[in-house]
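Reviewing the structure listed below.
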Amino acid sequence: MKKLSTLLVSILASITLSSTAFAAGGGGVTLDEPYINMSDKASLQNGAKLFVNYCLSCHNAEYARYNRVAEDLEIPLYQLKQNLMFTTDKEGDLMKTTMPAEDAKDWFGVTPPDLTLVSRVRKPNWVYTYLRAFYRDDSSPSGWDNSLFEKVAMPHAMYELQGVQSLVERLPIDASGKIIDKDKVELDENHTLVGNAIFELSHPGEMTPAEFDKAMADLTGFLVYLAEPAIMKRKTIGVYSIAFLLILMGLCYLLKKEYWRDLH
Amino acid sequence: MADNHVSDESVQHSDENSVEDIKRRRFITGITAGFGAVGGAMAVTPFVMSMSPSERAKNAGAPVQYDYSKIQEGQMVKVEWRGKPVVLLKRTPEMMQGLKEIEGSLADVMSDQSIQPEYAKNEDRSDPAKPELLVMEGVCTHLGCSPVEKLAIGPDPQMGDDSQGGFFCPCHGSKFDLAGRVYKNVPATTNMPVPPFKFEGNVIVIGDDVGRA
Amino acid sequence: MAIHRHDNHKSANGFMKWMDDRMPVTKVWNEHLAEYMAPKNFNFWYYFGSLAILVLVIQLVTGIFLTMHYKPDAALAFASVEYIMRDVPYGWLIRYMHSTGASMFFVVVYMHMFRGIIYGSHREPRELVWLIGCVIFVALMAEAFMGYLLPWGNMSYWGAQVIISLFDVIPYFGPMLTEWIRGDFVISDATLNRFFAFHVILLPLILVALVFLHLVALHHVGSNNPDGIDIYEELDENGHPKDGIPFHPYYTVKDLVGVCGFLIIYLGIIFFFPDLGGIFLEKDNFATANPLQTPPDIVPLWYFTPFYSILRASTDTLLQFFAYSSVIIAVAAALLTKFEIKVKAGILVAGIVAALVFMNSSGKAWGVILMAAAIVCFFLLPWLDRSPVRSIRYRSWPFKVALAIFIVAFFILGYLGMNAPTPVKTLMAQVCTCIYFAFFVLMPWFTSIGKTKPLPTRLTMPAEH
């Protein structure tokens, strides 16, 4: 019986582990991992600023409200109105773009998707890699392509910041998306590695590659928050509730012992 | 339930337990029940909270703004706030004078029983800085109908022969004066409520008086 | 009218006496809790019955509160779930409680079923308890499947599309039936609306009623125990079982410990890993339903995956294997058993007919049949199991080996069902499908061979006593 339980537990554990690994791996693409810290409000505020300036002009975040973002990110209301609210003057409104969906469809061929939940649909690593993987491609209708999302309809919204880069080569990867021979990759200051693609910076932007990476990590962090505002609270509540339950469990155990003393 | 034991081979008789045993058992049971009750209260909280107005409702119920400089003397407009008609009436000097003359026939002259912000608790039921402007929820305090305005001074079939202007509720005949104060001997017993409001230049903000000058 | 007074149960005070004269409050309390005699050696596995009731209550309560904000309308459903997650105070917590609760319900129920199998709780006289339990399991699967459509995410949509299409294989009536179930030619607002009605009213009512019957039947025959012996034969001078203890307070306080332990895991998932790496909430379901774009891998939630794997494993290869096996099993049964010659001939004919049927039908139809059969097998367990003892503690080794292999196969099927199929994985699923059915088909044989251990006359207590 003991053996059976041990067997069961180990099978369960290995399946959980392997399936989590599967879910995280994404299968066959190379993704970079940003540093995201939900308690770094300055980083999230910067992400919010980038979001309303560069994303919200075409994309909706139609489930999120401005005042909630301001409250969770500790942005004062007057700053919210001055710096973040371009589409409405009512701070409780949903974050909607001013661009009509039909126009967007005419211009880009597709309606730009809503971004409220993008980091839960695509996962943060994908978003972070995608944002940095635009490169110049004159053969495409928009003049841009993306090494992670080929033939993407979206043009590079932040080329002023990143500069213009061109694709040098894609490095071979294994089945799990790992770059083979990663140690042998050598980069100078004009070349960057995004996912498994090496880019050459042909026109520098307002930011250095390192600054741009940090900005995109901020933006990704903001999108993680935006997809699940409860993330700011739930872990704290979790710690308290579980601490409480541990005490209650201890008491219940004593109570059980106490009553079971009757039995022999 | 310590005395609820069934006499049984597996279970000792409860009278075999010493007084200390019973005390200890009561203590542990009590403290566990106490903790459990606290946990239960915490578990209930989110469910209770979830029924209060959501962010969407709060946004829909957010303060509304209106440029009151457009209102002519003696003119009345209605603005919707939280699904209720809010009356904005710029009263003429004659109307203001009329308010004083009828005080004897009113039920709550000083609005002691009625709902209004502190700054509107006066005879005119208005902001002393702009006494002529009446800001009031146009909702009868009897059963929630919306009274009809009777702004003209003079005889009126509903308001009476010596009317100084007022509001008449078509549902059950309650009468109010031009400050929303209720007459005696009508179904309603309190004056119509005044919502919180503040001025920002030419704009009146209804529903919010935070930072009121 | 004279009040018929029940004197057999003393009422504690005037109020209770007034109540007891009109309604059997004290009587029910005593019969089902204070004087319900449970075996005194319940172990870890016995927590899951009370936990299943706890999760049922959690799902009912959180469900009621979600219904206050959810909109069963294809145009509004997805947004209303996000509204709950963001705009409703603590809506996110209630929604996570419900989504995590659904998965935990299956965790608890699977553990509860496993307990039944290892200790022989399905055996005479508890067959009805087991059967009602199996119906609860099926109702729970229906409840979970319909609830999964409600968020109107892309996986909701395509999951429902795939599962409803299973009914297409029914000859002649299939296409008509699927249209009737959907109420449309595609999954649509009509489907969402009726699934909502079933999910929030019909199935919860059925589930509660079934749980009630499950308990009525259990308390009529008495609880089994890890030794699988009958405690209701050895009575003391008061007519109570010598090895029985009152459920209340002894098991109520013990179950409280289990409840706390469960809540720690449950809330740990809710507060720290609400998606559980995509297992409890799938990432494709954070995108709204899109009838034009199938998610890259359509997989059901984890609790359906063993059965989903069996569905996918059904190809011509598997059917050929089934055809050969039915002949071999029939021949073996004819040669090795001591039945009459007529019976042997019957078995042989049945085997050959089965083989012909397997060889001449389509994999798609058999996938659905096998998936249904995989669930039906559980219903037959009380009659397939022929061991002279109930508990695994005293059973012969062939049963233990078979059960261990079955559990491994069940987990592998579950794992494979979460992944996109590859040739190797399909082959693995086919092998495990064979093991799954072999466990049930061969059960009458392997439970009746080997040497069982002698049963004790009284319960054996866990080491701590």
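Read-outs: derived from the displayed coordinates by stated rules, not from any lab. Just so you know, these numbers come straight off a predicted model, no measurement behind them. Cβ sites come from the backbone with ideal geometry, for glycine too, and all protein chains shown count toward neighbours.
Please arrange B:Lys100, B:Lys90 by counting, for each residue, the other beta carbons lying within 10 Å of its beta carbon, fewest first.
Fewest-to-most Cβ neighbours within 10 Å comes out as B:Lys100, B:Lys90.
Please list, by residue number, everything in the stretch A:143-180 whose backbone N is under 17 Å from a paramagnetic label point 7 Å out along Cα→Cβ of C:Leu292.
Flagged as within label range: A:152-154.
For the stretch C:302-446, report the % of Cα-Cα distances exceeding 19 Å.
Pairs farther apart than 19 Å: 57 percent.
Once you have all Cα-Cα distances for the stretch A:181-264, histogram them in 10 Å bins from zero and send the whole-percent values.
It works out to 13, 21, 17, 15, 13, 10, 8, 4, 0, in whole percents.
What does the charge add up to near A:Ser139, with Lys and Arg as +1, Asp and Glu as -1, over the other residues with Cβ less than 15 Å from its Cβ?
Summing Lys/Arg as +1 and Asp/Glu as -1 gives -2.
Within the set A:Lys256/B:Lys23; B:Lys90/B:Lys121; A:Lys257/C:Lys27; B:Lys150/B:Lys184, which residue pairs have Cα atoms separated by over 25 Å?
A:Lys257/C:Lys27
Peptide C:279-289: average number of partner chain Cβ atoms within 10 Å per residue?
Mean shielding count: 4.
Taking all pairs of different Cα atoms in chain C, averaging 1/r and flipping that mean, what Kirkwood radius in angstroms comes out?
25.0 Å
Sticking to Cα atoms, compute the Rg of chain A to one decimal and its Dmax as the biggest Cα-Cα distance, whole number, in Å.
Both quantities, over Cα of chain A: 23.9, 85 Å.
In what sequence do A:Thr111, A:Thr129, A:Thr192 fall when counting other Cβ within 10 Å, fewest first?
Ordered by Cβ neighbours within 10 Å, fewest first: A:Thr111, A:Thr192, A:Thr129.
Return the lysines within reach of A:Lys233: Cα separation strictly under 17 angstrom, same-chain partners fewer than 8 residues apart disregarded; answer none if there are no such residues.
Within the straight-line cut-off, A:Lys233 pairs with A:Lys41.
How high is the relative contact order of chain A? Use alpha-carbon pairs under 8 Å, at least six apart in sequence, and give a whole percent.
The normalised contact order for chain A reaches 24 percent.
If each of A:Phe108 and C:Lys27 carries a label point 7 Å out from its Cα toward its Cβ, how far apart are those two points in nm?
7.1 nm
Which net charge results when you count Lys and Arg as +1 and Asp and Glu as -1 among the other residues whose beta-carbon is under 15 Å from that of A:Leu255?
+4
Rounded to the nearest 20 debye, what is the charge dipole size of chain C about its Cα centre when +1 sits on each Lys and Arg Cβ and -1 on each Asp and Glu Cβ?
960 debye
How high is the FRET efficiency from C:Val441 to C:Ala142, r the C-beta distance, R0 30 Å, rounded to 0.05?
Efficiency computed from Cβ-Cβ geometry: 0.70.
Grab the Cα-Cα distance for B:Thr45 and B:Gln65, subtract it from 0.36 nm times how many residues apart they are, and report the gain in nm with one decimal.
Full extension from B:Thr45 to B:Gln65 adds 3.7 nm.
Would you mind getting the Kirkwood hydrodynamic radius of the stretch A:123-264 from its Cα pairs, rounded to one decimal in Å?
Answer for the stretch A:123-264: a Kirkwood hydrodynamic radius of 18.9 Å.
Considering the Cα trace of the stretch C:112-167, what is its radius of gyration and what is Dmax, both in angstroms?
Using the Cα atoms of the stretch C:112-167, the pair Rg, Dmax is 15.9, 46 Å.
For chain B, what Kirkwood radius comes out of the mean inverse Cα-Cα distance, in Å?
Every distinct Cα pair counted, the radius reaches 21.2 Å.
How far apart, in nm, are the 7 Å Cα→Cβ label points at A:Lys96 and C:Glu124?
Label at A:Lys96, label at C:Glu124, 7.0 nm between them.
Sum -39500 (n - 2.57) across every DSSP H segment of at least 4 residues in chain B, then divide by the residue count to get the 222 nm mean residue ellipticity, nearest 500.
Helix-only estimate at 222 nm: -7000 deg cm²/dmol.
Can you give the Rg and Dmax of the protein assembly as shown based on its C-alpha atoms, in angstrom?
Every Cα atom of the protein assembly as shown included, Rg and Dmax give 35.8, 118 Å.
What FRET efficiency do you get for C:Leu235 and C:Lys453 if R0 is 22 Å and r is their Cβ-Cβ distance, rounded to the nearest 0.05?
0.30
Using the Karplus curve 6.51 cos²θ - 1.76 cosθ + 1.60 with θ = phi - 60°, work out ³J(HN,Hα) for each residue of the stretch A:222-236 in order, rounded to whole Hz, and write x for Gly and Pro.
4, 5, 5, 4, 4, 6, 8, x, 5, 4, 5, 9, 5, 5, 5
Can you give the local net charge around A:Glu186? Use residues other than it whose beta-carbon is closer than 14 angstrom to its beta-carbon, Lys and Arg +1, Asp and Glu -1.
That sum, taken over residues with Cβ under 14 Å, equals -4.
Which ordering of A:Glu206, B:Glu149 is given by a fewest-first count of other beta-carbon atoms within 10 Å?
Ranking A:Glu206, B:Glu149 by Cβ neighbours within 10 Å, fewest first, gives A:Glu206, B:Glu149.
So if R0 is 41 Å, what FRET efficiency would B:Asp156 and A:Phe86 give, r being the distance between their Cβ atoms, rounded to the nearest 0.05?
Once the sixth-power term is evaluated, E becomes 0.20.
Can you give the helix-only mean residue ellipticity at 222 nm for chain C, where every DSSP H stretch with n ≥ 4 adds -39500 (n - 2.57) and the sum goes over all residues, rounded to the nearest 500 deg cm²/dmol?
About -20000 deg cm²/dmol.
What distance in nm separates the simple spin-label points at B:Lys184 and A:Ala175, each placed 7 Å from Cα in the Cβ direction?
Computed distance between label sites B:Lys184 and A:Ala175 equals 9.5 nm.
In terms of the ratio Rg/(2.2 N^0.38 Å) built on C-alpha atoms, what value belongs to the stretch C:219-368?
With N residues counted in the stretch C:219-368, Rg over 2.2 N^0.38 Å equals 1.79.
Helix-derived [θ] at 222 nm for chain A: sum -39500 (n - 2.57) over DSSP H runs of at least 4, divide by residue count, nearest 500?
-13500 deg cm²/dmol
If the viscosity is 1.002 mPa s and the temperature 20 °C, what Stokes-Einstein diffusion coefficient in µm²/s follows for the stretch C:259-344 when Rh is the Kirkwood radius over Cα pairs?
The estimated diffusion coefficient comes to 119 µm²/s.
So what does log10 I(q)/I(0) come out to for the stretch A:67-163 at q = 0.17, 0.20, 0.21 Å⁻¹, using the Debye formula with one equal point on every Cα and no solvent?
Relative scattering, expressed as log10 I(q)/I(0), comes to -0.99, -1.18, -1.21.
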